[in-house]
1. Report, for the chain, the % of DSSP beta bridges that are antiparallel, rounded to 5.
2. Send over a whole-number figure in Å² for the accessible area per residue of the chain, probe 1.4 Å.
3. Which of GLY32, GLY131, GLY48 moves the most in a Gaussian network model of the chain with Cα springs under 10 Å?
4. Taking 20 °C and 1.002 mPa s as the conditions, I'd like the Stokes-Einstein D for the stretch 60-128 in µm²/s, using the Kirkwood hydrodynamic radius from alpha carbon pairs.
5. Just the number, please: carbon plus sulfur as a percent of the accessible area of the stretch 9-165, 1.4 Å probe, no ligands or DNA/RNA counted.
6. In whole angstrom, note down how far apart the Cα centers of the stretch 84-133 and the stretch 9-40 are.
7. If you take the Cα Rg of the chain and divide it by 2.2 N^0.38 Å, with N the number of residues, what do you get?
8. How much FRET efficiency would the formula 1/(1 + (r/R0)^6) give for GLU142 and GLN68, where r is the Cβ-Cβ distance and R0 is 25 Å, rounded to 0.05?
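The values are calculated or read from the model by the stated rules, or taken from the named source; none is laboratory data. Keep in mind that what you see is a predicted model, and the values were worked out from it rather than measured. In this analysis, Cβ positions are derived from the backbone assuming ideal geometry, glycine residues included, and neighbour counts consider all displayed protein chains. For accessibility, only protein heavy atoms count, side chains too; no ligands or nucleic acids. Shrake-Rupley method; radii C 1.70, N 1.55, O 1.52, S 1.80 Å.
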Amino acid sequence: MEDIARKSKENYYLDIAQSVAQRSTCLRKRYGAIIVKNDTIISTGYVGAPRGRKNCCDLKRCLREEMQIPRGERYELCRSVHAEMNAIIAASRENMLGSTLYLVGEDVKTGKLIPDACCCQMCKRLVINAGITNVVIRNTPEDYTTINVREWIFNDDSLNGSFGY
């Protein structure tokens, strides 16, 4: 019998996060996040307006796009809640302690992966406080980057103005 090539657990979970991203309602970027602990999916999240509010895809407009605001700037003008935020909101802190967050970002216009789809400063703070241990980010369909969240604690880029978007 032939050996069956199995997908790595990281890419398995990243595939799920990428599927979750397809629910995103942002006109610029699709992000999907899942939180996993002990091989159990704790929660999922995608980019979208707060519950009950109209999504950008329904309004057919994006204020940040109209104002040509670059990625990583002026998030207060965005209608959406980030994928990581939505995943964290949907889980209890007890379940997130020691967990891993898997994150995938895609450009809406091109459909291509965003290889540096790291958490913004706000999401980094939430990830730290949630007790998540690692963040795994998809770069290509096969390659990914694993970030130990302790690096965000001890290398606080918010102190030197290097926001790492």
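1. Working: 21 of 25 bridges.
DSSP beta bridges in the chain are roughly 85 percent antiparallel.
2. I get 59 Å² per residue for this part.
3. Of GLY32, GLY131, GLY48, the Gaussian network model singles out GLY131 as fluctuating most.
4. Numbers: Rh = 13.8 Å.
Roughly 155 µm²/s, to the nearest whole number.
5. Details: 4190 of 8540 Å².
It is 49 percent, rounded to a whole number.
6. 9
7. Values: Rg = 15.9 Å, N = 165, 2.2 N^0.38 = 15.3 Å.
For the chain, the normalised Cα radius of gyration is 1.04.
8. Numbers: r = 33 Å, r/R0 = 1.33.
Taking R0 as 25 Å, the efficiency between GLU142 and GLN68 is 0.15.
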